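The values are calculated or read from the model by the stated rules, or taken from the named source; none is laboratory data. Quick caveat: nothing in here was measured; it's all calculated off a predicted structure. All Cβ positions, even for glycine, are placed from backbone atoms using ideal geometry, and neighbour counts span all protein chains on display. Just the protein is used for accessible areas: all its heavy atoms, side chains included, with ligands, DNA and RNA removed. Shrake-Rupley method; radii C 1.70, N 1.55, O 1.52, S 1.80 Å.
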Amino acid sequence: MITITVGLGTCGIAAGAQAVYDELLRQIDPQHIQLRKTSCNGHCYQEPIVEVFQDSKLKGVFYQVKPVDVATLLRTLLATKPSSSSRLGQEQRVVLENCGLIDPESISEYIDRGGYIALEKARTLSPMDVVTMIKESGLRGRGGAGFSTGLKWQFALNNPSSPKVVIANADEGDPGAFMDRAVLEGDPHRVIEGLLIAAHATGATSAYIYIRAEYPLAIKRLRHAIAEVSAAGKLGNVSLEIKEGAGAFVCGEETALMASMEGERGMPRFKPPFPAQSGLWGQPTTINNVETLAAIPWIVRHGAEAFSKLGTEKSRGTKVFSLAGKVKYPGLVEVEMGTSLRTMIEQLGGGTSSGSPIKAVQMGGPSGGCVPESLLDTALTYEDLQATGAIMGSGGVIVMDQATCMIDIAKYFLNFIQNESCGKCTFCRIGTKRMFEILTRITQGKGDLSDIDELLDLSTQISKASLCQLGKTAANPVLTTLQYFKEEYLEHIVEKKCRAHVCKALIRYNIKSELCTGCTLCAKRCPVSCIQGAPKGCHIIDESCCTKCGVCLSVCRFGAVTVSTGVVS
Amino acid sequence: MTPSWSNLATELLQRFGDETRYAIPILQAIQTEQGYIPIPLLEAIASKAHHLQANQLYGVATFYSQFTFTPKGVHTIKVCMGTACFVKGAEHIVDAFKSALSIEVGETTVDGSFTLQTVACLGCCSLAPAVMIDGHVFGQVTPERVKELLKTKGFGL
Ligand SMILES: Cc1cc2nc3c(=O)[nH]c(=O)nc-3n(C[C@H](O)[C@H](O)[C@H](O)COP(=O)(O)O)c2cc1C
Ligand code: SF4
Ligand code: SF4
Ligand code: SF4
Ligand code: FES
């Protein structure tokens, strides 16, 4: 029997996988070929991906398939060899072990791959034994703070009041991280199983999955999975519900998340009391990130030791990273902790998409920082990353090349933060806005050398006077870029120069008369029609109305368009 | 108060319940069904409810970016401005939509067909820059592809 699978995650669908699936469905002979849906396997750069199995053995992989390729694909089905260039061999998959392999809408496929065995096993153990096992595994929270999961569960278990609550945090707010989405879309039962084990271990009877509204497909598949697990009678005495977020980054913070579930504005509050003491509606509550929960079934099935053998002494196990930005092979990779950042980006990620050298890597989202190329040998552990000024965060990794301006990136994050600040603390609310304004001035060439001291001063004040981590870490993107890329700040301020050619106020487009052939292409494509010139004659850009969109530079085939920056001498 | 708001308020309170914790689900239902949050409807709910007050509903609605107080267009375009999309030139995509539709971010075209928004991340960072139109995600969008996307028929998941 031949089976063909198509990866239908949000990324696959966005790349056109649904049309490929539909075309396959139209052309195959169901007598001989079985067509199945799976989800994202993490190799997003190859989407749409079609895989061919014969008697459950992988026989061929087709990348970047288009509907027109389907006929040829079916003809050569078994003649192609499975691609060996796949980076899967270099990965260590725990959390992602099923992603891309099973149909996320089928509980039986999950069960066939060992699903729900861990839940049954956990339920034969006492809650304290499960807590001990998780503690011994060394698992630390994957949502950002890296707190020991076993210890967190123990606090909730030790709290005598009831009823208790467990919550899966699927808010995935870091703009640029997508591992939680991929797991929820590709293997939703794993998260549910982890959550039910957490409920057993802490004695909770209500379970919630708090998920951001921007993930409609994940919500759809979760709903389906909840119906399946409930019909299979596996919920026991636990009620399980989805709560949809309403679009606020700060709601990923656990106390804000609970406020939002209670129907309030999602504003963080002071801790203690910690959620385990008094959480949702005052009940003892355990909140874990999706990836943390997704690791639980594996640990229970294979034992604490198998997990703690992976990784380093203080950072055990594996971690999923989402590679994006200017990286050649964007997607998800799951590696043992302790792997170097360089290995992950250069070997698994293929280096930069442009081929130009890596300038920096942003890790940890808005609370994180930029790690310069010179520190790429840093090991991927909580401690080593923190020493660079960045953080592990949720595992979002944005690769930047020479065409990325570091001040522009710092400005981007401060804009994000000042938008998303809940407004409770004055310094976070107004201080971040002031930092954003200063950075904007610098990118416009209106900066002053005193701005750097002002930025440093504000950073300290905001961090001291903010209640939650959003404010406390708000300055990190500025602090790390100032630490590693100070000369770029100085260039912007003193020389009015943006070496990455990003800051529009500091660059100028010109046409070199000796190279221009007068082909008229740039004039035709310029969106604001500010290029003049007769056919076969030299073209000229009217700088007064040029919007610096860069179209002329990208279309000219003769290299006649140039960009310049800095004070003209 | 138009009678329809009053009836709708009663129906929503019956469907979800008269408790603070249902504020967001109620607002989400209103946003989906009406396309925006009509203030008179919030007032109608508050006048009938015991545990939901107008100021609380308004406070919640203004806090979360999902809620809007003006009617949205038939199609909603969400251009991703997450980090991955940003470094891959998402600003140029926003500019292209702005000039193709002659509106600013947050506005709706005069004919009511498109609303333009930006969002923080669609989870499709590997296909940056990404755009979501009515729940359907498009990857590797270029400024040139913008016009073609606007002509696409049959959006939706
Ligand atoms: C501003 C802010 C945003 C956060 N966003 C998320 C998020 O999107 N997802 C998440 O799991 N944790 C997020 N966290 C961390 C949570 O507060 C919490 O520590 C985490 O969900 C605990 O789960 P873990 O122990 O399994 O990591 C955020 C924290 C802050 C301060
Ligand atoms: S630090 Fe910022 S986000 Fe956190 S509570 Fe204060 S104002 Fe709100
Ligand atoms: S596209 Fe290049 S060669 Fe052609 S007119 Fe423009 S500048 Fe000259
Ligand atoms: S940069 Fe854009 S606006 Fe300026 S001349 Fe070139 S195409 Fe026209
Ligand atoms: S940053 Fe745009 S989809 Fe994630």
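Across the stretch A:275-291, computed HN-Hα scalar couplings (Karplus, 6.51 cos²θ - 1.76 cosθ + 1.60, θ = phi - 60°) run x, 5, 7, 8, x, 4, 6, x, 8, x, 10, 10, 10, 10, 6, 4, 5 Hz from first to last residue, x flagging Gly and Pro. If you find the alpha carbon centre of the stretch A:281-358 and of the stretch A:492-520, how far apart are they in angstrom? Measuring centre to centre over Cα atoms gives 41 Å.
Taking 7 Å along the Cα-to-C-beta vector as the label spot, tell me the A:SER450-A:ALA306 distance in nanometres, rounded to one decimal. Reported label-point gap for A:SER450 and A:ALA306 is 6.4 nm. The calculated 222 nm mean residue ellipticity attributable to helices in chain A amounts to -10000 deg cm²/dmol, summing -39500 (n - 2.57) over DSSP H runs of n ≥ 4 and dividing by all residues.
In units of the compact-protein estimate 2.2 N^0.38 Å, the protein assembly as shown shows a Cα radius of gyration of 0.97.
Between A and B, buried accessible area summed over both sides at probe 1.4 Å, in Å² to the nearest 100?
Details: alone 23340 and 8810 Å², together 28630 Å².
Its buried surface, counting both partners, is about 3500 Å².
Going 7 Å from the Cα of A:ARG87 toward and past its Cβ, which residues in the stretch A:290-304 have a backbone nitrogen under 17 Å from where you end up? Answer for this model: none. Across peptide B:75-86, the mean count of Cβ atoms from other chains lying within 10 Å of each residue's own Cβ comes to 6. Overall dimensions of the stretch A:2-84, expressed as equivalent-ellipsoid semi-axes from the Cα gyration tensor (√(5λ), whole Å, largest first), are 18, 14, 12. For chain B, B:CYS121, B:CYS124, B:CYS125 stand unpaired, since no other cysteine beta carbon lies under 4.7 Å from theirs. In whole percent, what relative contact order does chain B give with Cα contacts below 8 Å and a gap of six or more residues? Computed over chain B, the figure is 19 percent. Here A:LYS59 is the anchor, and the aspartates and glutamates within straight C-alpha reach of less than 14 Å, apart from those fewer than 8 places off in the same chain, are A:GLU51. One Cα centroid belongs to the stretch A:1-51, the other to the stretch B:1-54; the line between them spans 42 Å. As a quick test, which of the pairs A:LYS271/A:LYS433; A:LYS152/A:LYS271; A:LYS314/A:LYS472; A:LYS496/A:LYS524; A:LYS359/A:LYS496; A:LYS359/A:LYS497 have an alpha carbon distance above 22 angstrom in this structure? Over 22 Å Cα-Cα: A:LYS271/A:LYS433; A:LYS314/A:LYS472; A:LYS496/A:LYS524.
Hey, got the average number of other protein chain Cβ atoms within 10 angstrom for residues in A:168-181? Don't skip to the end; give the middle numbers.
On the way: counts 0, 0, 0, 0, 2, 2, 5, 13, 12, 6, 8, 1, 1, 5.
Mean partner-chain Cβ count within 10 Å for A:168-181: 4.
Rounded to the nearest 5, the antiparallel percentage of DSSP beta bridges internal to the protein assembly as shown is 55%. How far is helix A:406-420 tilted, in degrees, relative to the longest principal axis of the Cα atoms in chain A, given as a value from 0 to 90 rounded to the nearest 10? That helix lies at roughly 50 degrees to the long axis.
So what's the net charge close to A:THR565: Lys and Arg +1, Asp and Glu -1, counting the other residues with Cβ under 10 Å from its Cβ? Mind showing how you got there, number by number?
Values: positive: A:LYS496, A:LYS497, A:ARG499, A:ARG508; negative: A:GLU491, A:GLU495.
Its environment carries a net charge of +2.
In a fully extended conformation the segment linking A:GLU495 and A:ARG113 would gain 131.4 nm over its present Cα-Cα distance, using 0.36 nm per residue.
Report the relative contact order of chain A, percent, no decimals, based on alpha-carbon pairs under 8 angstrom and at least 6 residues apart. It comes to 11 percent, rounded to a whole number.
Could you work out the relative contact order of the stretch A:2-84, using alpha carbon pairs under 8 angstrom and six or more residues apart, expressed as a whole percent? Walk me through the numbers before you get to the answer.
Working: 144 pairs, mean separation 29.1, N = 83.
Relative contact order comes out at 35 percent.
Translational diffusion of the stretch A:309-468, estimated by Stokes-Einstein from the Kirkwood radius over alpha carbon pairs at 37 °C in a medium of 0.692 mPa s, is 195 µm² per second.
If you restrict to DSSP beta bridges whose two residues both lie in the stretch B:75-152, what percentage is antiparallel, to the nearest 5?
Details: 7 of 13 bridges.
Once the DSSP bridges in the stretch B:75-152 are tallied, antiparallel ones form about 55 percent.
Where both bridge residues fall in chain B, DSSP classifies roughly 55% of the beta bridges as antiparallel. For the protein assembly as shown, the solvent-accessible area works out to 39 Å² per residue, with a probe of 1.4 Å and every protein chain left in place. Accessible area ranking (1.4 Å probe, heavy atoms, ligands and nucleic acids excluded), largest first, for A:TRP153, A:TRP281, B:TRP5, A:TRP298: A:TRP281, B:TRP5, A:TRP298, A:TRP153. With both labels modelled 7 Å from their Cα along Cα-to-Cβ, the A:ARG36 to A:GLU262 distance reads 4.6 nm.
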